[in-house]
Amino acid sequence: MLSALVAAAVLAAVCQPAEEVSEESGVVYTPKDYPAELALDVYTPKGGGGGPAGTCVLFLHGGLWQSGSIDALSSRAFCRNGVRATGLRYVAVEYRLNTNNSCCSTSRSNGTCAAAYPDPELDVSLAMEHLIAEGTCAAASFYCVGHSAGGQMCTDLALKSDQLLPRGAALRGVVGVEGIYNLTKFYAGPKGVGFTCSVEKAFGSREAGWCAGGDNACYPGLPKFRPPPDFLFVHSPGDVLVLDQQAREITCRLNGQSEGACACPDYYSCPCLDKCLGSLHVTTASYTNNVTGSHFGVLETLGLAHAIKAFVCRA
């Protein structure tokens, strides 16, 4: 009985709210010969943080893979709220965007000077290497929280960990917030048509096969990978930009259900998901819409911070 009480006390101390937040902005993590200079913003608890040393929550902003910033007020509010709620270190990661203003030395898509899949995710992998080397984060103690396009990136990094994560690094959990997990269905939806250019700049043309990268399912030569971490997918009823079916279907699919069993009424078909997710089972994939706010406004809410706390800090 005593040992059980001690264990419970230890678990309860994993996430102890922080009274204050220390911020270190603009920490460059890329080498001089990298295609772009990219930075991190590190938010650390002080005065009451009780999180385990080395645990880091990565935050990947949204913006359709072509805009957004770790300097945005919503990004900063999200990280500060998260540190105060959990007592864990939050790290906002800058990554290359698919615009001519963030040029890369070579293009993987249509010959334009723009980053393309999976370049932004390789940036995140490099950031993880830097954080491990600097002793800021433990290799096996990362969580990834992604908003909108960042939700796709966190999920992809988890499902393709052997290809995309640094050697020895692991994601303990993934949280997708208002995420886009199926590009084909996003495009087919009422809000998606206007974003065709943005998506094709990031992933190539539909004819080249969005299912190859953008659906978080697979691309040619996908090897066997380590068991994925647990997932939480969050969608606010106030979000009118991305349909909640994106979150509900990926939750269902990652729990090992077929597309037919997961498809929402009046939603769209993308058979390629069955090719690689058909036999994939995850320990836990959860969905919640118990948050409020618009597509971007949800990031600034305490409700989201506490939903993530309940996921990351669970016993």
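The values are calculated or read from the model by the stated rules, or taken from the named source; none is laboratory data. These numbers come from a predicted model, not from an experiment. Every residue, glycine among them, receives a Cβ derived from its backbone with ideal geometry; neighbour counts consider all protein chains shown. All accessible areas refer to the heavy atoms of the entire protein, side chains included, with ligands and DNA or RNA removed. Shrake-Rupley method; radii C 1.70, N 1.55, O 1.52, S 1.80 Å.
Some points to look at:
- Separation of the ASP162 and SER294 label points, Cα + 7 Å toward Cβ, nm: 4.4 nm
- In Å², nearest 10: area of ARG76 left accessible to a 1.4 Å probe: 40 Å²
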